[in-house]
Structure formats: structure tokens, C-alpha cells
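**Q** Supplied in C-alpha cells, the structure appears directly below.
Values in this text are rule-based calculations from the coordinates and carry no lab data. On a predicted model such as this, the values are computed, not experimentally measured, just so you know.
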Amino acid sequence: MERTPNKNGALIRLPKVAEISVNAVPVTKEDDRIHNYQMPSDDCFAHLDVQFRFYGLSTKVEGVLGRTYQPDLKNPAKLGVAMPVVGGEDKYRTSTLLSSKCSSCIFSPAGVLKESDPLVMDFGTLDCTGGSNNGRGIVCRK
């Protein structure tokens, strides 16, 4: 783990697995208006701006967020809305965080899945405006 800016940010490296960049950014008055946070005038809130880079990711990746890395994903989210929703979370619902009992859960140790074209993906900073890489990636700015 490495602190990237002087404050409010970090870079987490998992060699040969992933890099995760996290920065706390202030919620603006426009964010407050759009999302109705109802921020008191004498207080401030923050979002986490998160960026991911995965190494050797299978093209068969699944999950509410994982499926956004599938190369042939057709994003059902309505583009141009303030808070787009992809849906489909019922497919991944489990009784507990570590439970493998769901209709789409697949657990496999690294290197077990045989695949000729693992992905190296870097989606950079993404936003919620609908212009992010044809709908693929994790929308995490707002």
C-alpha cells in the first residue's frame, strides 16, 4: 500500500492480481442537489473516487460489478440519468457475504480456470455520464 497524494488517497497493489487507487473527494453542492444528501451548511461529505486495474482477469468474470468487465457486456443502464442503475442484483443475492450459495456464484483459486485470453484491463477514472468505455467498467465516481 502506498499513499499517493499528500492526503486522502492511497494506491493498493496486489502483485499480478490488481491495483486499486482510492481518493476521497469532497461532495460538491451540485452532488448534494442531485443525490439529495441534505448536507448541513456547516459540514462536508466526501465520495470515494476508486480506480481499478486487473491483471489476468477471466472474460467469464461475474458479479454485480464483475460482469461490467465482460468484453461483450450490453449495458442496460439508462444513459444520461444522474444515477444510472444496471440491475440484476437478484442473480447474485446470497445469505451472507462469504456464502457461495447463489445462482451465479463461481469460486476458483487463481490459475485454475483454463483460458487462452485472460484480460488486462485498465478503465482509468470513470464517471456516471454514460461516456465511460461503451458502458464497461465500474462507475464509482458519484
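**Q** Mind scanning K7/K91; K16/K78; K29/K91; K7/K60; K60/K101 and naming the pairs with a C-alpha gap bigger than 27 Å? Before the final figure, lay out the partial values.
**A** On the way: K7/K91 38 Å; K16/K78 34 Å; K29/K91 36 Å; K7/K60 37 Å; K60/K101 18 Å.
Where the Cα-Cα span goes over 27 Å, the pairs concerned are K7/K91; K16/K78; K29/K91; K7/K60.
**Q** Tabulate in residue order the Karplus-calculated ³J(HN,Hα) for the stretch 34-47, using 6.51 cos²θ - 1.76 cosθ + 1.60 with θ = phi - 60°, rounded to whole Hz; enter x for Gly and Pro.
**A** 5, 9, 6, 5, 6, 5, x, 5, 9, 9, 9, 10, 9, 9
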